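The values are calculated or read from the model by the stated rules, or taken from the named source; none is laboratory data. A quick note: this is a predicted structure, and the numbers were derived from the prediction, not measured. Every residue, glycine among them, receives a Cβ derived from its backbone with ideal geometry; neighbour counts consider all protein chains shown. With ligands, DNA and RNA removed, areas are computed over all heavy atoms of the protein, side chains included. Shrake-Rupley method; radii C 1.70, N 1.55, O 1.52, S 1.80 Å.
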Amino acid sequence: MSNVKERLNLTAHPARLYTKLENGEVICHLSPRQCRMKPGQAGFCRVRQNENGELVTLNYGVSVQLTQEMIETEAVVHHSPGQPILSLGNIGCMLNCDFCHNWQTSQVRFVKKKDIQRYTPEQVVETALNRGIGILSWTYNDPVVWHEFVCDTARLARQHGLLNLYKSAFYISPQAIDELHEVIDIFSLSLKSMDPTFYRRVAKGRLEPVLEGIKQVYSYGDRHLEISNLIVTGMNDSMEEVEKVVHWMLKELDETVPLHLVRFHPDYKYTHVERTSVEFLKKARLRALEMGIKHCYLGNVYEEHEGLNTSCAQCGNVLVKRFGLQTQLVGINEAKKCKQCNRPTPLKFTKPRTQIPTPSATDRFEKNTSFLWNQDINACHVILENLSSESRRVVSRQQAEKVIQLSPGEQWRFICSKQSNEDKGVELFYPGDVEVKFVELLDRAHYPV
Ligand code: SF4
């Protein structure tokens, strides 16, 4: 029996998508690994195992802390720009990339009890509704190995009018993708390289199923899709590699699918190199546009640059101006068309749910603390804990003020990011019985423990 189960005090939940063999073994069909497990054995991801001839999942409802972020955190810029999302990550992964920035949760052997919480589908949906968040984002380590919980919760979320976003390296089987098609609205999929050796050597997987999976989502024709390519220093940071990704997208998808060229930071087993050169990303973006991609974006870049904005494909007018993860709709009219040429934009809009309470004159704050940006750190997670038995309010001040309401005993986590060149950091004002902690963020879709 897996010692992960005892060490992290996990419970078994029935898994789907597997075959039982007569000798008591099972074959898991969730990812292309198709792990074959004897009774008592776990699969490569360590969170699915054979218990008495049945496949079970050990991470049903086992999550890192729910976190409020914005949709741009997930490399999604053509759907619901600027809208809040409720990010959920779990433990385990069907890959093991040498440069993984979520290795402390994706590789189960590193997971600590203190880093996991437990939620039911009802609790997740209720949190989103109470916080006025319209989109659940299945992200971080990788949602593939959380399949049963993702499907159950996403289905319930839809019944309450919420959308679901799936951010993944997408090493997943066709049957599982068909199940996701029923419940996921937005797919943000990561294509690491077009080199099969890269996938084998660096990610411990295979390229072909990832390509087939992306094609399958595209073939449905009714789901929003954006593609990310993480450019890793010394591994795939060549123009030839980027050209191969673009060529494949133009051949198998189409020129309107947004491509994100994402800056990498050294992590896990790959720490001896520099961050990706921003100059290279800019050149690679121009090459992708020259080859025919209509919208190519720079990811994890905090500066004013056209590679972060969305422009009208017809007249070039800037529709959305961005800085890092911040979004301003500047060139869109009330009919959601281009202000300049009145043509449709590539953006899909949803009605925001968030109602931000304003600070009240009766709010009294005994404490304040701040987190300042520096050359490398342009974003952070803020973790709040209300230690009192009454509701509390906290004010977060950047260029504008935001009020966060906390119920008695509640913990809440949310992202802040640099909003402009002039923005120095974020300042928090809070009562004495609220605890505040900041955690540095180096990447998007990054959950630091
Ligand atoms: S999800 Fe993938 S890695 Fe995990 S047990 Fe199933 S086939 Fe193996």
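Observations on the model:
- Where strands (runs of 3 or more DSSP E) fall wholly inside segment 134-195, the ranges with 1 or more residues that are assigned by TED's automatic domain parsing to the domain that holds L88 and open to solvent by 10 Å² or more (accessible area, probe 1.4 Å) are 163-168, 186-190.
- Residue pairs whose Cβ atoms lie under 7 Å apart, sitting 6 or more positions apart in sequence or on different chains, and linking a residue in segment 328-353 that is closer than 11 Å to S311 by Cβ to a partner that is surrounded by fewer than 17 Cβ atoms within 10 Å (Cβ to Cβ) and among the hydroxyl-bearing types (S, T, Y), are P346/T256.
- Any hit, segment 81-96, residues being within 16 Å of the ligand (Cβ to nearest atom), among the β-branched types (V, I, T), farther than 17 Å from K204 by Cα and modelled with pLDDT of 95 or more: yes
- Complete set of residues in segment 105-133 that are over 24 Å from I184 (Cα atoms) and open to solvent by 60 Å² or more (accessible area, probe 1.4 Å): R109, F110, K112, K113, K114
- Every test in (1) in contact with a Ser or Thr (Cβ under 9 Å, 6 or more places away or on another chain); (2) without any contact (Cβ under 8 Å) to a residue 12 or more places away in the chain; (3) not basic (K, R) is passed by A400 save one, and that test is (1).
- S360 in the same structural domain as Q419 (by TED's automatic domain parsing), of a type in the set (S, T, Y) and modelled with pLDDT under 95: no
- Boolean, L384 is within 23 Å of S137 (Cα to Cα) and open to solvent by 40 Å² or more (accessible area, probe 1.4 Å): no
- Condition met for T120 (more than 16 Å from the ligand (Cβ to nearest atom), of a type in the set (V, I, T) and assigned by TED's automatic domain parsing to the domain that holds H160): yes
- Any hit, segment 217-230, residues being in contact (Cβ under 8 Å) with a residue 40 or more places away in the chain, crowded, with 22+ Cβ neighbours inside 10 Å and among the polar types (S, T, N, Q): yes
- Some residue of segment 305-324 being open to solvent by 90 Å² or more (accessible area, probe 1.4 Å), in contact (Cβ under 8 Å) with a residue 40 or more places away in the chain, closer than 30 Å to E243 by Cα and in the same structural domain as P81 (by TED's automatic domain parsing): no
- Residue ID - nearest to the ligand (Cβ to nearest atom), chosen from residues in segment 46-63 that are in a strand (DSSP E or B) and under 24 Å from C97 (Cα atoms): R48
- Any chance L95 is among the aliphatic types (A, V, I, L, M) and assigned to a helix (DSSP H, G or I): no
- Scanning segment 16-45 for residues that are part of a loop (DSSP other than H, G, I, E, B), more than 8 Å from the ligand (Cβ to nearest atom) and out of contact with any His (no Cβ under 8 Å at 6 or more places or on another chain) yields a count of 9.
- Sole residue being under 16 Å from the mean Cα position of the chain (by Cα), open to solvent by 10 Å² or more (accessible area, probe 1.4 Å) and either acidic (D, E) or closer than 24 Å to H13 by Cα (or both), chosen from C100, C93: C93
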